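Read through the structure below, which is laid out as structure tokens, and then see the notes.
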Amino acid sequence: MAAETRKRILTSGNSVLPWQKLKLTSNAQISGTLIIGYKLSCNVLRFFCYFRLYMLNIQSKLPGVGTTIFSVMSKLAAEHNAINLSQGFPDYACDPKLTDLVSKAMKDGFNQYAPMAGNTFLKEVIANKIEKLYNVSYNPDTEITITAGGTQAIFTALAAIINPGDEVIIFEPAYDSYAPTIKLLGGQVKIHELAPPDYHIDWDKVKKLFTPNTRMIILNSPQNPTGSILSEADMKLLIKLVSGTDILILSDEVYEHLIYDGQKHQSVMLFSELRERSFVVASFGKLLHATGWKLGYCIAPEMLTKEFRKVHQFNVFSVNSPMQQAIAEYLNEPDNYNRIASFFEKKRDYFRQLMSDTRFDLLPCKGSYFQCASYNTIGDEKDTDFSRRLITEFGVATIPVSAFYQKATDHKIIRFCFAKEDSTLEMAAEKLRNV
Ligand SMILES: Cc1ncc(COP(=O)(O)O)c(C=O)c1O
């Protein structure tokens, strides 16, 4: 691709344009020039957008937000025909049994609006699954709501609770929807930064973030992007911290089944002191290798669910009907979710083995389908620059972990997604051996 582009640049038109005088001798230089050009045009575009907003008297609610790093890296990966280990989605098909069930549901007439809170059978299947996994019962009618993916559940839970001035504690590096959503609602983001290699939470420091305005804490275990998990000891310290307060918890458990080495997922649902104040968010996209379906759910005690549904019904009202029916039938067989952990544990082990003769230092990965790696022994350039260079010079796309910090904290760590065909991982590792 770079060679093609270079040829096009050098042969376009007869007259010599000023930028053609640049001595473009290597692919790297061309990539650099393209990136600078891209950044320049983005800034010009942004200026015109702000100018238009100004003329229309619109005040942006998220002035600092631009295109996400995921879109930037995926676009660059496509331009350079790179292997894409950046975004968190599988490159293989989901179970054909599941897609057959969707066709069947459509033929069976599940084509009109589902009930506002979700398909009744699906909510019952989820309640049974929770009972089996965590030995706790939630009422499917009043405590489980089916959503358009985990992200909508997070948005809705925050929108239902956060008022202007409320403070929400998050742990960074963090999934990128938390902070903008809090800000959009007029809330304040309070950040506890975690650091490699184990990204553990210092609960004493968390306590220091508490003020009379603290309204919520967002947990995420197993964690994106670090692959770290919360231990039972973490949960007990958290209980100590919040008991006697009115602080609520939003527990993002979209990777609940992707947990390895015989560890048990420490859901907030296991602890009555946390359960009573928690929204738990799950994603069928992650569970069923079908991120494009954008379906998930939120579990919360009745009083919290009431508030959640007030927002949900005017946000999406209800979500995709045939897929809800299909998922219900599919998950009614526990084997269809119980085998996920061993499937991804094998992928994690295989990827780590493939990477063992590269110069990357692999961090622990206890859960999720992300493997973080330090490139300290390779160089000390910024992680954003290093990730770009991995695409343009070596043909592998990753995500720089600084993108998950509001302050762009750079520990020289990049994130790989290993939810890929073995052959994709093998090709990527072969390229990474050249780094
Ligand atoms: C931590 C975390 N939470 C939530 C989500 C969103 O899930 P969904 O795709 O179902 O909206 C993701 C997706 O990558 C995630 O990594």
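The values are calculated or read from the model by the stated rules, or taken from the named source; none is laboratory data. Everything quoted here is computed from the prediction, not taken from an experiment. All Cβ positions, even for glycine, are placed from backbone atoms using ideal geometry, and neighbour counts span all protein chains on display.
Every listed requirement among (1) at pLDDT below 95; (2) closer than 26 Å to T291 by Cβ is met by L363 save one, (1). Inspect all residues belonging to region 217-237 and state whether any of them is more than 21 Å from H257 (Cβ to Cβ) and either within 16 Å of the ligand (Cβ to nearest atom) or part of a loop (DSSP other than H, G, I, E, B) (or both). Yes.
Scanning region 412-435 for residues that are of a type in the set (D, E) and touching a residue at least 24 places away in the same chain (Cβ under 8 Å) gives E421, D422, E426. Considering region 164-211 alone, what residues qualify as being in contact (Cβ under 8 Å) with a residue 40 or more places away in the chain, in a loop (DSSP other than H, G, I, E, B) and either not aromatic (F, W, Y) or not assigned by TED's automatic domain parsing to the domain that holds I299 (or both)? The answer is G165, D166, P173, A174, D176, A195, P196, P197, D198, L209, T211.
This table checks each residue for (1) within 16 Å of the ligand (Cβ to nearest atom); (2) in contact with a helix residue (DSSP H, G or I) (Cβ under 7 Å, 6 or more places away or on another chain).
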position: N128; (1), (2): no, no
position: K132; (1), (2): no, no
position: S137; (1), (2): no, yes
position: P140; (1), (2): no, yes
position: A148; (1), (2): yes, no
position: P164; (1), (2): no, no
position: E167; (1), (2): no, no
position: E172; (1), (2): yes, yes
position: K183; (1), (2): no, no
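The lone criterion from (1) closer than 21 Å to G88 by Cα; (2) away from the ligand (no atom under 16 Å from the Cβ) left unmet by N213 is number (1).
Of the residues making up region 238-255, those that are over 22 Å from A403 (Cα atoms) and outside any strand (DSSP E or B) number 10.
The set of residues in region 255-300 being farther than 15 Å from I144 by Cα and near the ligand (Cβ under 10 Å from one of its atoms) consists of Y255, G285, K286, L287, A290, T291, G292, W293, K294. Among the residues making up region 341-384, those that are in a loop (DSSP other than H, G, I, E, B) and in contact with a Pro (Cβ under 7 Å, 6 or more places away or on another chain) are L363, P364, K366, S368. Which of (1) within 14 Å of the ligand (Cβ to nearest atom); (2) assigned to a helix (DSSP H, G or I) does M303 not meet, given it meets every other one? With (1) within 14 Å of the ligand (Cβ to nearest atom); (2) assigned to a helix (DSSP H, G or I) applied to M303, the lone miss is (1).
Just to verify a result, which residue in region 81-126, among those that are exposed (fewer than 15 other Cβ atoms within 10 Å of the Cβ) and small (G, A, S), is nearest to the ligand (Cβ to nearest atom)? Top of the filtered list is A93.
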